[in-house]
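As structure tokens, the structure follows; a few thoughts come after it.
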Amino acid sequence: MLYYRNGKTRVDGEVSNGSQESFGLTATVAFTLAPQWGLQLRYGQSVAQNEFGLEGKVCQVKLATFI
């Protein structure tokens, strides 16, 4: 889960009312491939935002070794 909120922005020296606010959810699944190797799959997306908030999706694959 990610909640993001940012204050007012300044463009070319002028303050705007464009505060950013967004809420996102992610799901992660992890697998052990061998005693020293792991695989992690992650998917997430923004589920609510105001007109200036962050919007989008993320897909991630991560391979890790344990030493």
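The values are calculated or read from the model by the stated rules, or taken from the named source; none is laboratory data. Since this is a predicted model, take the numbers as computed values, not measurements. Every residue, glycine as well, gets a Cβ built from its backbone with ideal geometry; the counts of neighbours run over all protein chains shown.
Report whether or not residue 27 is surrounded by fewer than 13 Cβ atoms within 10 Å (Cβ to Cβ), at pLDDT below 90, on the phi < 0 side of the Ramachandran plot and part of a strand (DSSP E or B). Walk me through it before giving the result.
On the way: surrounded by fewer than 13 Cβ atoms within 10 Å (Cβ to Cβ): yes; at pLDDT below 90: no; on the phi < 0 side of the Ramachandran plot: yes; part of a strand (DSSP E or B): yes.
For residue 27, the condition - surrounded by fewer than 13 Cβ atoms within 10 Å (Cβ to Cβ), at pLDDT below 90, on the phi < 0 side of the Ramachandran plot and part of a strand (DSSP E or B) - is not met.
Considering only residues that are closer than 21 Å to residue 62 by Cα and basic (Lys, Arg), which ones fall in the range 9-48? Residue satisfying the conditions is 42 alone.
Counting only residues that are surrounded by 12 or more Cβ atoms within 10 Å (Cβ to Cβ) and polar (S, T, N, Q), which one in the range 10-24 is modelled with the highest pLDDT?
Taking the range 10-24 as the starting set, the residues that turn out to be surrounded by 12 or more Cβ atoms within 10 Å (Cβ to Cβ) are 18-24.
So of that shortlist, the ones also polar (S, T, N, Q) come out as 19-20, 22.
Details: 19: 78, 20: 81, 22: 88.
Selected residue: 22.
Tell me, yes or no, whether the range 32-49 has at least one residue that is at pLDDT 90 or above, surrounded by fewer than 10 Cβ atoms within 10 Å (Cβ to Cβ), part of a strand (DSSP E or B) and not β-branched (Val, Ile, Thr). Checked the range 32-49: at least one residue is at pLDDT 90 or above, surrounded by fewer than 10 Cβ atoms within 10 Å (Cβ to Cβ), part of a strand (DSSP E or B) and not β-branched (Val, Ile, Thr). For the structure I just gave you, tell me whether residue 66 is in contact with a strand residue (DSSP E or B) (Cβ under 9 Å, 6 or more places away or on another chain) and at pLDDT 90 or above. The answer is no for residue 66. Selection over the range 10-55 of residues that are over 30 Å from residue 67 (Cα atoms), without any contact (Cβ under 8 Å) to a residue 24 or more places away in the chain and among the β-branched types (Val, Ile, Thr) gives a count of 2.
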